Structure formats: C-alpha cells, structure tokens
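The values are calculated or read from the model by the stated rules, or taken from the named source; none is laboratory data. What you see is a predicted model, and the numbers here were worked out from it, not measured in a lab. Using ideal geometry, Cβ is built from the backbone for each residue, glycine included, and neighbour counts are taken over all protein chains shown. When the accessible area is computed, the model is the full protein with side chains, heavy atoms only, and any ligands, DNA or RNA have been set aside. Shrake-Rupley method; radii C 1.70, N 1.55, O 1.52, S 1.80 Å.
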Amino acid sequence: VMPGIQYVVVDASSIRFQYATGVLDAATPTAKVHKDSKFLSSSCTKVLTAAAIWKLCESKQVTLDGPLSKYYTKHPYGDQVTIRHLLNHSSGIPNPMPVSWLHVENEDTSFDEEKSLQKA
C-alpha cells in the first residue's frame, strides 16, 4: 500500500501540472487519492514558510532577530520570541498544537482560534 501524495504546480494564471496517487488511508486501501482529496498540511508548509521569510528578510521587510510582536501582536509570549526562534523551533512555544484544533473549519463552528492561542 503506497501512502498518498498530491501536488500541483501553478503560475500566476493557471494550473500547469497536477498529480495525485496512493491511498488516503492505509487501513482502507481502496480509498485512492485524487486531485480533489483534502489533507491537513501540518509540517508540509515549514519549508515554504522558511523560504517566504527568507525573501522578506532579503527585502528588509522582516528581520530574523526581530520580535514576533513586531509582526503579530495577538500572542501571549512577549517580545522575547523572535522570528529566528520560530523558524528553528527554539521559541519555547508549546508544540504540537492540541489535536482538537485539527478540523475542517465548517465542522466546528464553535472553535475560537484567538481564544485557543491565548491559552497555548
């Protein structure tokens, strides 16, 4: 049984290429991945986030050692947490996020992200 993978290559105006293969769930090998399958991104976006931050640093819009509070004020961690801390996982912010946070948005309309962030 091959785990599922799905990706898409886009440019500014269209989808250039898309690919999907494997299974959605190893326990149900007949449930195949297709172009409209939904996945939780979890750690998959870390590389893209780091690349985007690097570009912002190159253009002097963000500094690695600048406090998170300069760019995002709605967090309870103070000015000691920097962008560099976040990128190298040394901020002291609890990880991983509570599993109860992982849901499709319209499945749990009572979830309050801001309130949960304040508790984390």
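The simple spin-label model puts a point 7 Å past each Cα toward its Cβ; for Tyr71 and Ala51 those points are separated by 1.7 nm. Between Gln80 and Ser110, the simple spin-label model (points 7 angstrom out along Cα→Cβ) gives 3.6 nm.
Mind ranking 17-23, 79-85 by how tightly packed they are, going by the mean number of other C-beta atoms within 10 angstrom, highest first?
Working: 17-23: 12.6, 79-85: 16.0.
So the peptides 17-23, 79-85, ranked by packing, come out 79-85, 17-23.
A simple spin-label model places the labels of Phe17 and Asn88 3.5 nm from each other, with each point 7 Å out along Cα-to-Cβ.
Taking 0.36 nm per residue of separation and subtracting the Cα-Cα distance, full extension of the segment from Gln118 to Val8 would add 36.1 nm. Averaged per residue, what accessible surface does region 1-98 expose to a 1.4 Å probe, in Å²? Spelled out: the 1.4 Å probe surface of region 1-98, per residue, equals 76 Å². Between amide H atoms placed 1.01 Å from N, distances below 5 Å from Val81 occur with Leu68, all of them 5 or more places distant or on a separate chain.
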